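Peer 1: Would you mind keeping the following structure in view while I ask a few things?
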Amino acid sequence: MPLGPSSGTNDGAVLARPPVAWYPGHIAAAERRLREQLSAVDVVFEVRDARAPFATAHPKLAEWARGKPVVVVMNRVDMVSNADREKWAKHFAAERNLAKEAMKKRKAGDMTVAEPSRTISATPVTWTCGKDGLGVAVLAKAARKLAKHVNERRERRGLLPRPVRCAVVGFPNTGKSALVNRLVGRRACDSAPRPGVTRQLRWVRVKSGSKKAAAAAASNAAHQLDMLDSPGIMPMRMDNQRAAVLLAAVDDVGEASYTPSAVAAELVETLRALSRDEQYYGGMTEATDALDKLASTYGMASAWQGTGEDVVVWLANETYQGDIESAARRILKDFRRGALGWLALERPEYN
């Protein structure tokens, strides 16, 4: 096995066809309804999947937010390793500092400094887990802090305070509704670990969990949050097939949009690329361990033999009477439920 940093691309036969595609017929209407509601919000929560932080960064967010404060929510932190989280936390902190410096120089009149890009974001990042509520209280606090100026401005105009309005947006199945339910403290929105459960926009009110704070919120609307839960919206088109494959691998798009065998083959190749980088750069072993677990679980001599497609075909012949799609679904299911270990499929220094 050659050692060296991966190129980030795979040369297997699977790439001869697009593994993931979707039809944009309903997307325009859903996006239009969301944009109409976003004009009334104060803060936007962009919910990403911690297993694919770049792939689940929505390319339309800057256009949707229209300059409103954005909080990047890295959800499903329980599905990545501590080492992954630490690397991404350092990455986001560094990029935020760069963006702040650039904005500071531009405000001082130095227009030779490029405006921070969508990727290099000056917005805060919060790590959450909708399953156990990790980080949810931090989200509510961040929203109130970022939108504090709203009610300060209303007070100067002689108006009564109102609840802070927050929109929760992102790709399908990133855990948006689960987070809203955690904030509300009850099942206010339908939520399940599969894409397409949330079908319509819905406003719900959030009060504080403690009795003392809840009493204060009841008498002061500024302490309350109005949350807009939204359906996951895909981009009209996604030219980056690698990102599209990652969305499918982590189950953030429905199976109708992809062929399981192609995505499972690409998942194996992605793990191999990450493993090569682990051995070259050092410091992490999650992908290498995942490949070892894959081989031992399925009784393979090695997960490095042949292409990713060969691995799927081998499992199909050994266990599923040649049914390639059933074998692929097994691989994807095992990855998603953590049977191969918990890890991110993207790492900042490798992308």
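Peer 1: For labels at Thr297 and Ser326 in the simple 7 Å Cα→Cβ model, what's the distance in nm?
Peer 2: Distance between the two pseudo-spin positions: 1.8 nm.
Peer 1: Roughly how many debye, to the nearest 20, is the charge dipole of segment 232-351 about its Cα centre, given +1 on each Lys and Arg Cβ, -1 on each Asp and Glu Cβ, and no other charges? Please report the intermediate quantities before stating the final value.
Peer 2: Details: 11 positive and 19 negative charges, 33 e Å.
Approximately 160 debye in magnitude.
Peer 1: For the pair Glu101 and Arg202, how long in nm is the line joining their label points, each one 7 Å along Cα→Cβ?
Peer 2: It works out to 4.5 nm between the two label points.
Peer 1: Using modelled amide H (1.01 Å from N, peptide plane; none on Pro or chain starts), what sits under 5 Å from the amide H of Val71, excluding residues fewer than 5 places away?
Peer 2: Under 5 Å from the amide H of Val71 lie the amide H atoms of Val44, Phe45, Glu46, each far enough along the sequence or on another chain.
Peer 1: Output the peptides 60-67, 77-84, 43-50 sorted from most to least packed, where packing is the average of other Cβ atoms within 10 Å over each peptide's residues.
Peer 2: Descending mean neighbour count gives 43-50, 77-84, 60-67.
Peer 1: To continue, here is another question. Can you tell me the FRET efficiency between Arg66 and Lys333 if r is taken as the Cβ-Cβ distance and R0 is 41 Å, rounded to the nearest 0.05?
Peer 2: Efficiency, from the Cβ-Cβ distance: 0.55.
Peer 1: Let me ask you something else. How much of the accessible area of segment 259-337, probe 1.4 Å, is carbon plus sulfur, in whole percent? Could the numbers behind the result be given before it?
Peer 2: Working: 1470 of 3360 Å².
Carbon and sulfur together cover 44 percent of it.
Peer 1: Please tell me which of these pairs span more than 23 angstrom C-alpha to C-alpha: Lys145/Lys176; Lys60/Lys107; Lys68/Lys131; Lys90/Lys293?
Peer 2: Lys60/Lys107; Lys68/Lys131; Lys90/Lys293
Peer 1: Roughly speaking, what is the stretch gain from Arg157 to Asn317, that is 0.36 nm per residue apart minus the C-alpha to C-alpha distance, in nm to one decimal?
Peer 2: Difference between extended and current length: 50.4 nm.
Peer 1: Would you please put 91-101, 324-334 in order of how densely packed they are, using the mean number of other Cβ atoms within 10 angstrom per residue and starting with the highest?
Peer 2: My ranking of the peptides, most packed first, is 324-334, 91-101.
Peer 1: What ranking do 168-178, 313-323, 129-139, 226-236 get when scored by the average of other Cβ atoms within 10 Å per residue, highest first?
Peer 2: Working: 168-178: 25.8, 313-323: 15.4, 129-139: 18.1, 226-236: 21.2.
Per-residue Cβ counts within 10 Å, averaged per peptide and sorted highest first, yield 168-178, 226-236, 129-139, 313-323.
Peer 1: Mind listing the phi-derived Karplus ³J(HN,Hα) values for segment 155-163, rounded to whole Hz, using 6.51, -1.76 and 1.60 with θ = phi - 60°, and x for any glycine or proline?
Peer 2: Running phi through 6.51 cos²θ - 1.76 cosθ + 1.60 with θ = phi - 60° gives 5, 5, 8, x, 9, 6, x, 10, x Hz.
Peer 1: Where does the charge balance sit around Arg154 when Lys and Arg score +1, Asp and Glu -1, over other residues with C-beta under 13 Å from its C-beta?
Peer 2: +3
Peer 1: How big is the Cα convex hull of segment 259-337 in projection, averaged over all directions, in nm²?
Peer 2: Projected over every direction and averaged, the Cα hull of segment 259-337 covers 4.8 nm².
The values are calculated or read from the model by the stated rules, or taken from the named source; none is laboratory data. These figures come from a predicted structure and were not determined experimentally. Using ideal geometry, Cβ is built from the backbone for each residue, glycine included, and neighbour counts are taken over all protein chains shown. These area figures cover heavy atoms from the full protein model, side chains too; ligands, DNA and RNA do not enter into them. Shrake-Rupley method; radii C 1.70, N 1.55, O 1.52, S 1.80 Å.
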